[in-house]
1. Please label the shape of the range 299-522 as rounded, prolate or oblate, based on the square roots a ≥ b ≥ c of the eigenvalues of the alpha-carbon gyration tensor (a/c under 1.5 means rounded; beyond that, a/b larger than b/c means prolate, else oblate).
2. Shape call for the range 122-196 from the C-alpha gyration tensor, a ≥ b ≥ c root eigenvalues: rounded (a/c under 1.5), prolate (a/b greater than b/c) or oblate?
3. Report the Cα centroid-to-centroid distance between the range 415-454 and the range 57-107 in angstrom, as an integer.
4. Any number yet on Rg/Rh for the range 30-297, C-alpha, Kirkwood?
5. About the Cα centre of the range 30-297, what is the dipole size in debye to 20, counting +1 per Lys and Arg Cβ and -1 per Asp and Glu Cβ, all else neutral?
6. Using a simple charge model, +1 on the beta-carbon of Lys and Arg, -1 on the beta-carbon of Asp and Glu, nothing else, what dipole does the range 413-522 show about its Cα centre, in debye to the nearest 20?
7. If packing is taken as the average number of other Cβ atoms within 10 Å across a peptide's residues, how do 335-343, 137-145 rank, most packed first?
8. Determine the shape class of the range 284-349: with a ≥ b ≥ c the square roots of the Cα gyration tensor eigenvalues, call it rounded for a/c under 1.5, and otherwise prolate if a/b is greater than b/c, oblate otherwise.
Amino acid sequence: MANEGPRHGWIRNLAILLVLWEVAGRFQLVAGGALPAPSAILARFWEDKSDYPPHVLATLEASFLGFLIGNAIAIAAGVAFVLSPLLLRLFRGVNIAIFALPPIAISPVLVLTFSGMAPRVILAAIGCYFATMTATVLGLTQADPRSLDVVRAYGGSRWDELRLVQFRSALPAILGGFRVAAPAAVLGAILAEFGGGGRFGLGTYLLGSLGRADPPRLWCIGLTATLIAGLAYAAFAVAGRRVTGTARAVTVPTAAPAAPAMGGNRATALLLATAAAVLPLVLWWLLLVVLNVPEMIAKTPAGIVDYLVLGGGAAQAQERLLAALAQTLPIAVIGLAAGLAFAFALAVLADLFPAITRSFMPVALVTQTMPLVALTPLLVLLLGRGTPLILWVTISVTFFPAFVTIAQGMAMVPRAALDVPRAYGATRLQQLRLVSVPASLPYLFAATRLAAPRALLGVMIAEWLATGTGLGNLLNQSRGYLDYGMIWTVAAVSVLIAVAFYQVVVVLERWTLGRLGMRTTE
């Protein structure tokens, strides 16, 4: 009976939201009817019900396969990186490059290179990889050090430490990664469909419905995608709550892990950093060669240098690129800061007042999982085509994975650590300030690393869909002109910017956690 109150409160809040939505839609109180009433959406769904099965099945198939493949690779990579910190540093550039690749840039390339479901599956898998890999590394490195000492004291091997302690400790973090990856897989599949691939799929259906000025149908498609992603999110959220209590550490990890043996000199560190920077370029070139992508479409690193620096139109290309960067970068930084602040505040509220978070999460999940192309008409009418629209989109795509990661860190704080301030009469807020927030700092920095590339991606998506400015618009124009040199250039520059953001966070993390004597995941 203890859960009846929160459950009834959630149902009551949802009922109030639906009633308000119905009134606003019926009387066209929001954006002249761009927000249809739930009854109108349901009526449209019933009229179009025969259209949905093939589209939903196509999106589900691509999302499911991409989710399985992307997460399997991510977990295997996370274990390998924990076993070999040297490998983690070497593949840092590859990891960030995979995560920072703009789906709107690579989708047409994938469609032209592969056939069938492959582009959708690949884009869905790419959307899953980084979040789950980061969660796996974070969870494995935050295991209770005393439990590890016990395994070593009884002669346990490195595999025994992983199997008996670290995997169990990391399970809640990995499930938290799955919660972020599930909506990302759906969004990746839909973006590939929207980019032009296949006859069926919610993205294809959405693309064919955009020009009909039919908001109820757009909302039907968007809410269907939201329902798919939301059910997957809910399943992993329930599983995560069930295992968090049994996997919680007894003590807060305080000792930094031993650094990998790399010679300990600056020359070795410089060599490793150079190798990490060069490896993505080598893999990029090798993939193009192995896949035999047509030279007109594929651009190698050398081809981009020629296009942007040495070619006859290099000056004009540089001018267009710099003008777009000047529009995109400032708003990306502001959106990242706002998204992280919102995520941290929501995580604190989730710890202090769980009922508030339960009421807010359905709305948050809708903004995270509904395809932006379905929300764009409403957002444009509500906010216009300027900076507020870009900020809204950027915050919506950054705060959710950051919130999941930070909230997971606070949930994993050992009860014993909270008992000490509680015994001295500390309030719940003081417990948060003195114990929960400092103990979850590794998760906070992991959330920042996760959100930094997404901030740039969010800005580009908003520019591509609505505002006609910045890198997103430059990419859209280049696709229309079949200017593959600029498409690959924008993708490469986006990755370089995301790597720079990421590296700044890594430096801050090492400095902060190093002063506190806590573990880092980098």
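We did not get these values from a lab; they are worked out from the coordinates using the rules stated. These numbers come from a predicted model, not from an experiment. For neighbour counting, all protein chains shown are included, and Cβ atoms are generated from backbone atoms with ideal geometry for every residue, glycine included.
1. Note, shape of the range 299-522 comes out oblate.
2. prolate
3. First find each Cα centre; the distance between them is then 28 Å.
4. Reported Rg/Rh, Kirkwood definition of Rh: 1.06.
5. 620 debye
6. I would put it at about 540 debye.
7. 137-145, 335-343
8. oblate
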